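Note sheet for the following structure.
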Amino acid sequence: MNLLKQTFILRIRRNHALEHATIHVLTATKPGRPLAGRSTSYGFYLYGDVSDEELQTAVSDARNRLKRGESRLAIHPGCGTNYLASGAAASLGALTVLSLGDRKAHWSRLPDVLIAATLALIAAQPVGPKLQEHITTCADVGDLEIVAVRGIGVKAYYVKTHST
């Protein structure tokens with residue numbers, strides 16, 4: 001049994017891919033625009049300064065581009081998956097150094113901890129996008145359909161989707 005292909009998880013992964021693709025489309029028209037999102041099994045939230053029409057067009061364009069095979073749109077440098085991979089690597093690097101040697105001299109080992117954490121961060125940079133590609137997103141959106149795009153507050157939107 002592949003958990004990543006279970007209906008509930010697959011819907012989240014597809015919506016996560018659509019969220020990223022939508023953000024890519026929106027930032028292509030206005031680079032540097034601050035946007036954030038959060039995916040669910042029934043759609044995704046998007047936070048940022050966009051109009052209803054602009055978001056509707058971007059979501060539709062993003063879905064169509066994913067359907068045409070533009071899988072790179074599912075990977076985003078600002079994804080929390082990247083931060084998780086980097087944070088976990090830095091933590092493991094620091095903990096590894098702290099677990100070695102004399103436990104009484106923690107402060108004197110701070111330079112070693114910083115070096116280990118930094119090296120771990122550098123090594124982890126390609127890990128986040130790979131985790132997105134293989135685990136946290138699914139660029140094959142399948143039968144994912146956009147049901148509604150609606151504002152839910154100031155600079156906050158919900159994109160409702162449906163898939164089997």
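For the pair Ile122/Leu98, report the inter-label distance in nm, with labels modelled 7 Å from Cα in the Cβ direction.
With each label placed 7 Å out from Cα toward Cβ, I get 2.3 nm.
Taking 0.36 nm per intervening residue step and subtracting the Cα-Cα distance, what contour gain separates Asp140 from His162 on full extension?
Between Asp140 and His162, full extension yields 6.5 nm more.
Pairs Lys67/Lys130; Lys67/Lys160; Lys5/Lys30: which exceed 28 Å Cα-Cα?
Lys5/Lys30, as the Cα separations exceed 28 Å there.
Please compute the length gained on full extension between Glu53 and Lys130, using 0.36 nm multiplied by the number of residues separating them and subtracting their Cα-Cα distance.
24.5 nm
Got a sec? Charge dipole of the chain, +1 on Cβ for Lys and Arg, -1 for Asp and Glu; which of Thr81, Gln6, Leu35 is way out at the positive end?
So the residue we want is Gln6.
Glu70 versus Lys155, label points 7 Å from Cα toward the beta carbon: distance in nm?
2.6 nm
Within segment 15-30, which residues have the backbone N less than 17 Å from the label spot 7 Å out from Tyr42 along Cα→beta-carbon, could you tell me?
It comes to 15-16, nothing else.
May I ask you to derive the FRET efficiency for Thr29 and Ser91 from their Cβ-Cβ distance with R0 = 35 Å, giving the value to the nearest 0.05?
E(calc), rounded to 0.05, equals 0.40.
Got a sec? Charge dipole of segment 84-164, +1 on Cβ for Lys and Arg, -1 for Asp and Glu; which of Gly128, Leu110, Ala156 is way out at the positive end?
The one lying farthest along the dipole's positive direction is Leu110.
Could you work out the pair-distance distribution P(r) of segment 80-128 from its alpha-carbon pairs, with 10 angstrom bin width and percents rounded to whole numbers?
Here the calculated profile for segment 80-128 is 31, 45, 20, 4.
Please give the helix 52-67 orientation as an angle from the longest Cα principal axis of the chain, in degrees from 0 to 90, rounded to the nearest 10.
On a 0 to 90 degree scale, this one is about 80.
Angle, helix 80-99 long axis vs. longest principal axis of the chain, Cα atoms, 0 to 90°, nearest 10?
Approximately 10 degrees, to the nearest ten.
The numbers here are math on the coordinates, done by the rules we state, and not lab data. Owing to the predicted nature of the structure, the values given are computational and were not obtained by experimental measurement. Here Cβ is always computed from backbone atoms with ideal geometry, including for glycine, and neighbour counts include all displayed protein chains.
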